[in-house]
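Participant: One structure, as structure tokens, below. Some questions next.
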Amino acid sequence: MERTYIMTKPDAYNRGLIGEVITRIENKGYKITNMKMMNLDEAILTEHYAHLADKPFFKDIVEYMTSGPVVGMIVEGENVVAGMRNIMGPTDGLEAPAGTIRGDYANNKSENIVHGSDSVENAEIEIKRFFG
Ligand code: UDP
Ligand code: MG
């Protein structure tokens with residue numbers, strides 16, 4: 001069965017939206033097979049967001065992602081990588097359609113509630129990164 005790495009971000013924790021994200025994952029028909037709350041540090045974020053590490057706003061991402069705990073999850077289901085990206089919506093909460101997690105709960109491009117792997121290959125790398 002395909003799996004993906006989903007992670008609620010610190011804004012979800014601070015706004016009390018972790019349960020909402022979990023409910024949407026389960027309502028879609030996916031199974032959460034592992035879950036843990038963590039406090040991330042700059043080293044793991046530099047690895048996880050390596051594609052953005054040279055951007056001027058990278059320090060803001062680190063500040064945001066270390067402002068509270070995250071909840072990492074392994075989520076399983078048919079075509080779950082693409083399916084989760086669909087129910088999350090695009091990166092920018094302003095552009096994300098209503099009905100998606102980001103469309104309903106985020107209003108900008110940085111603080112957007114949830115992370116989801118963007119390919120089956122990256123999902124396995126990210127699961128290994130956060131669950132060993
Ligand atoms: N991000 C940001 N500004 C940008 C692009 C990305 O703050 O211009 C943050 C945002 O939190 C995003 C994360 O970096 O979710 C990872 O970016 P990516 O392009 O991988 O988007 P995602 O896969 O999360 O939709
Ligand atoms: Mg990404």
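Participant: Residues in the range 33-41: is at least one modelled with pLDDT of 95 or more, of a type in the set (Val, Ile, Thr) and within 15 Å of ligand 1 (Cβ to nearest atom)?
Facilitator: no
Participant: Within the range 1-57, count every residue that is hydroxyl-bearing (Ser, Thr, Tyr), assigned to a strand (DSSP E or B) and touching a Phe, Trp or Tyr at 6+ places or on another chain (Cβ under 8 Å).
Facilitator: Count: 1.
Participant: Can I ask one more? List every residue pair whose Cβ atoms lie under 7 Å apart, where the two residues are 6 or more positions apart in sequence or sit on different chains, the first residue falls within the range 98-124 and is within 23 Å of Gly16 (Cα to Cα), and the second residue, located anywhere, is among the acidic types (Asp, Glu) and open to solvent by 60 Å² or more (accessible area, probe 1.4 Å).
Facilitator: Ala98/Asp104; Ser110/Asp60
Participant: Residues Gly89, Gly77: which one is within 14 Å of ligand 2 (Cβ to nearest atom) and touching a strand residue (DSSP E or B) at 6+ places or on another chain (Cβ under 7 Å)?
Facilitator: Selected residue: Gly89, the only one of Gly89, Gly77 that is within 14 Å of ligand 2 (Cβ to nearest atom) and touching a strand residue (DSSP E or B) at 6+ places or on another chain (Cβ under 7 Å).
Participant: Give the residue, chosen from Ile74, Ile61, Ile101, that is open to solvent by 20 Å² or more (accessible area, probe 1.4 Å) and either of a type outside the set (D, E, K, R) or more than 17 Å from Arg24 (Cβ to Cβ) (or both).
Facilitator: Ile61
Participant: Have a look at Glu76, Glu111, Glu95, Glu47 and point out the one that is modelled with pLDDT of 95 or more, under 19 Å from Arg3 (Cα atoms) and acidic (Asp, Glu).
Facilitator: Glu76
Participant: In the range 77-98, how many are open to solvent by 60 Å² or more (accessible area, probe 1.4 Å), touching a Gly at 6+ places or on another chain (Cβ under 7 Å) and farther than 20 Å from Leu52 by Cβ?
Facilitator: Matching residues across the range 77-98 total 1.
Participant: Kindly indicate the residue of the range 104-132 that is of a type in the set (S, T, N, Q) and open to solvent by 60 Å² or more (accessible area, probe 1.4 Å) and also nearest to ligand 2 (Cβ to nearest atom) among those meeting that condition.
Facilitator: Ser110
The values are calculated or read from the model by the stated rules, or taken from the named source; none is laboratory data. Small disclaimer: the values here were computed from a predicted structure and weren't measured. Ideal geometry is used to build each Cβ from the backbone, glycine not excepted, and the neighbour counts take in all protein chains shown. Heavy atoms of the whole protein, side chains included, go into the accessibility calculation; ligands, DNA and RNA do not. Shrake-Rupley method; radii C 1.70, N 1.55, O 1.52, S 1.80 Å.
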